[in-house]
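Worksheet: the structure to be examined is printed underneath.
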């Protein structure tokens, strides 16, 4: 069984930690920082904060998360490039950077689905 969040009610709605309301998961941004892949605050609260602060709050976060994602994918590919026999045994395919990136994205998608 995957990770069970205390922020989800019986109906499958998520709690926004800012406005303290339960909302559908579509009203939250996905994020790599959270263990469950869902941001702490709903989209509306984040956009209101952007208006108050006067600068795009999410742009820097998205850029940082994209860099973390790229670094993680590169580390995954670099590890298997040094251990190509493990890649063949694990995935049943010959190693190339493209196949490593595809396998990584499939694994990540499966993990996100298991946690939700």
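Below is a table of values for the structure above.
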| read-out | value |
| --- | --- |
| Given (1) within 20 Å of residue 30 (Cα to Cα); (2) in contact with a helix residue (DSSP H, G or I) (Cβ under 7 Å, 6 or more places away or on another chain), index of the condition residue 77 fails | (1) |
| Members of segment 39-66 found to be modelled with pLDDT of 85 or more and under 25 Å from residue 107 (Cβ atoms), listed by number | 39, 40 |
| Segment 14-38, residues that are touching a helix residue (DSSP H, G or I) at 6+ places or on another chain (Cβ under 8 Å), over 24 Å from residue 107 (Cβ atoms) and assigned to a loop (DSSP other than H, G, I, E, B) | 16, 18, 19 |
| Test: residue in segment 5-12 that is under 16 Å from the mean Cα position of the chain (by Cα), surrounded by 15 or more Cβ atoms within 10 Å (Cβ to Cβ) and at pLDDT 80 or above | no |
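The values are calculated or read from the model by the stated rules, or taken from the named source; none is laboratory data. Please read all numbers here as calculations on a predicted model, not as lab measurements. We place every Cβ from the backbone using ideal geometry, glycine too, and count neighbours over all the protein chains shown.
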